[in-house]
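For reference, the structure discussed in these notes is given below.
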Amino acid sequence: LLGACTFTMMLNFQTTFANSIHMNYAFFYIIYSFAVVISRLTLGKYLAAFSQYKLSIALLVLMTLSLFSFIFSKYGILFYSISSALFGISYGLVYPTIQAIAVNVSKEKYIDKNKVKTLEDWAKLVLD
(Lines give C-alpha, C1' and ligand atoms only; values in the text may rest on other atoms or scores of the structure.)
Protein backbone atom coordinates (compact mmCIF):
# COMPACT_ATOMS: atom_id res chain seq x y z
CA LEU A 1 0.00 0.00 0.00
CA LEU A 2 2.88 2.34 0.82
CA GLY A 3 4.41 1.67 -2.59
CA ALA A 4 1.17 2.26 -4.47
CA CYS A 5 0.46 5.51 -2.64
CA THR A 6 4.01 6.73 -3.13
CA PHE A 7 4.02 5.84 -6.82
CA THR A 8 0.69 7.60 -7.40
CA MET A 9 1.81 10.67 -5.48
CA MET A 10 5.08 10.91 -7.37
CA LEU A 11 3.46 10.60 -10.78
CA ASN A 12 0.55 12.93 -10.03
CA PHE A 13 2.52 15.73 -8.40
CA GLN A 14 5.87 15.51 -10.16
CA THR A 15 5.00 18.21 -12.67
CA THR A 16 3.96 20.62 -9.93
CA PHE A 17 6.97 19.76 -7.78
CA ALA A 18 9.42 20.15 -10.67
CA ASN A 19 7.94 23.52 -11.60
CA SER A 20 8.21 24.70 -7.99
CA ILE A 21 11.97 24.02 -7.94
CA HIS A 22 12.48 25.26 -11.51
CA MET A 23 13.32 21.84 -12.96
CA ASN A 24 12.04 20.13 -16.07
CA TYR A 25 9.74 17.31 -14.95
CA ALA A 26 10.80 15.25 -17.98
CA PHE A 27 14.09 14.52 -16.21
CA PHE A 28 12.19 12.66 -13.49
CA TYR A 29 10.20 10.52 -15.92
CA ILE A 30 13.19 9.67 -18.12
CA ILE A 31 15.56 8.85 -15.27
CA TYR A 32 12.87 7.04 -13.28
CA SER A 33 11.94 4.89 -16.30
CA PHE A 34 15.54 3.98 -17.10
CA ALA A 35 16.26 3.22 -13.43
CA VAL A 36 13.26 0.88 -13.18
CA VAL A 37 14.12 -1.05 -16.34
CA ILE A 38 17.87 -1.23 -15.81
CA SER A 39 17.61 -2.20 -12.13
CA ARG A 40 15.14 -4.98 -12.89
CA LEU A 41 17.30 -6.34 -15.70
CA THR A 42 20.63 -6.11 -13.91
CA LEU A 43 19.96 -6.41 -10.18
CA GLY A 44 16.91 -8.67 -10.14
CA LYS A 45 18.78 -11.94 -10.56
CA TYR A 46 21.31 -11.04 -7.84
CA LEU A 47 18.69 -9.94 -5.34
CA ALA A 48 16.77 -13.18 -5.76
CA ALA A 49 19.33 -14.83 -3.47
CA PHE A 50 18.18 -12.74 -0.47
CA SER A 51 15.19 -13.23 1.78
CA GLN A 52 12.21 -11.65 0.03
CA TYR A 53 10.86 -10.23 3.28
CA LYS A 54 14.14 -8.60 4.29
CA LEU A 55 14.69 -7.37 0.74
CA SER A 56 11.24 -5.78 0.57
CA ILE A 57 11.85 -3.96 3.87
CA ALA A 58 15.25 -2.73 2.71
CA LEU A 59 13.81 -1.53 -0.60
CA LEU A 60 10.90 0.23 1.15
CA VAL A 61 13.42 1.99 3.39
CA LEU A 62 15.44 2.99 0.30
CA MET A 63 12.25 4.24 -1.34
CA THR A 64 11.45 6.34 1.72
CA LEU A 65 14.98 7.75 1.74
CA SER A 66 14.66 8.56 -1.96
CA LEU A 67 11.51 10.54 -1.22
CA PHE A 68 13.33 12.53 1.45
CA SER A 69 16.23 13.10 -0.93
CA PHE A 70 13.90 15.12 -3.18
CA ILE A 71 14.24 17.88 -0.57
CA PHE A 72 17.72 18.49 -1.97
CA SER A 73 16.48 18.66 -5.57
CA LYS A 74 16.25 22.42 -5.35
CA TYR A 75 20.07 22.52 -5.37
CA GLY A 76 20.37 21.33 -8.95
CA ILE A 77 19.72 18.80 -11.63
CA LEU A 78 22.27 16.35 -10.18
CA PHE A 79 20.33 16.03 -6.93
CA TYR A 80 17.02 15.81 -8.81
CA SER A 81 18.46 13.08 -11.04
CA ILE A 82 19.91 11.07 -8.14
CA SER A 83 16.61 11.26 -6.26
CA SER A 84 14.71 10.16 -9.36
CA ALA A 85 17.10 7.26 -9.96
CA LEU A 86 16.92 6.12 -6.32
CA PHE A 87 13.14 6.19 -6.45
CA GLY A 88 13.14 4.26 -9.73
CA ILE A 89 15.52 1.61 -8.43
CA SER A 90 13.74 1.14 -5.12
CA TYR A 91 10.22 1.13 -6.49
CA GLY A 92 11.25 -0.84 -9.55
CA LEU A 93 12.62 -3.64 -7.39
CA VAL A 94 10.22 -3.59 -4.44
CA TYR A 95 7.11 -4.03 -6.56
CA PRO A 96 8.14 -7.37 -8.13
CA THR A 97 9.56 -8.51 -4.77
CA ILE A 98 6.21 -7.98 -3.08
CA GLN A 99 4.47 -9.70 -5.99
CA ALA A 100 6.81 -12.68 -5.56
CA ILE A 101 5.97 -12.84 -1.85
CA ALA A 102 2.26 -12.84 -2.67
CA VAL A 103 2.67 -15.60 -5.25
CA ASN A 104 4.76 -17.72 -2.91
CA VAL A 105 2.28 -17.35 -0.06
CA SER A 106 -0.66 -18.21 -2.31
CA LYS A 107 1.29 -21.09 -3.84
CA GLU A 108 1.86 -22.64 -0.43
CA LYS A 109 -1.75 -22.33 0.66
CA TYR A 110 -3.81 -22.90 -2.46
CA ILE A 111 -1.91 -24.59 -5.23
CA ASP A 112 -1.22 -28.29 -5.57
CA LYS A 113 2.23 -28.31 -7.13
CA ASN A 114 1.42 -31.43 -9.14
CA LYS A 115 -1.45 -29.67 -10.94
CA VAL A 116 0.42 -26.51 -11.86
CA LYS A 117 2.84 -26.79 -14.75
CA THR A 118 2.39 -23.42 -16.47
CA LEU A 119 1.30 -19.89 -15.69
CA GLU A 120 -1.97 -20.69 -17.45
CA ASP A 121 -2.60 -23.57 -15.03
CA TRP A 122 -1.96 -21.22 -12.11
CA ALA A 123 -4.36 -18.63 -13.53
CA LYS A 124 -7.09 -21.24 -13.93
CA LEU A 125 -6.71 -22.31 -10.31
CA VAL A 126 -6.81 -18.76 -9.02
CA LEU A 127 -9.70 -17.59 -11.22
CA ASP A 128 -11.92 -20.65 -10.72
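The values are calculated or read from the model by the stated rules, or taken from the named source; none is laboratory data. Everything quoted here is computed from the prediction, not taken from an experiment. Positions of Cβ are generated from backbone atoms using ideal geometry, with glycine treated the same way; all protein chains shown enter the neighbour counts. These area figures cover heavy atoms from the full protein model, side chains too; ligands, DNA and RNA do not enter into them. Shrake-Rupley method; radii C 1.70, N 1.55, O 1.52, S 1.80 Å.
Give me a comma-separated list of calculated 3J(HN,Hα) values for region 65-70, in order, Karplus coefficients 6.51, -1.76, 1.60 applied at θ = phi - 60°, integers in Hz, x for any Gly or Pro.
Ordered by residue, 3J(HN,Hα) equals 4, 5, 5, 5, 5, 5 Hz.
Pop a pseudo-label 7 angstrom from the Cα along the beta-carbon direction at both Ser20 and Ile71 and give the gap in nm to one decimal.
Placing both labels 7 Å beyond Cα along the Cβ direction yields 1.4 nm.
Stretched out fully, how many nm does the piece from Lys45 to Leu78 gain, at 0.36 nm a residue minus the Cα gap?
Gain on stretching Lys45 to Leu78: 9.0 nm.
Counting only the heavy atoms of the protein chains, how much of Phe13 is accessible to a 1.4 Å probe, in Å² to the nearest 10?
Its accessible surface works out to 120 Å², give or take rounding.
With θ taken as phi - 60° and the coefficients 6.51, -1.76 and 1.60, list the Karplus ³J(HN,Hα) couplings across region 7-18 in order, rounded to whole Hz; mark glycine and proline as x.
4, 4, 4, 5, 6, 6, 10, 5, 4, 5, 4, 4
Please list, in chain and number order, the residues 5+ apart from Ile21 or on another chain whose amide H is under 5 Å from its amide H, with Hs placed from the backbone.
none
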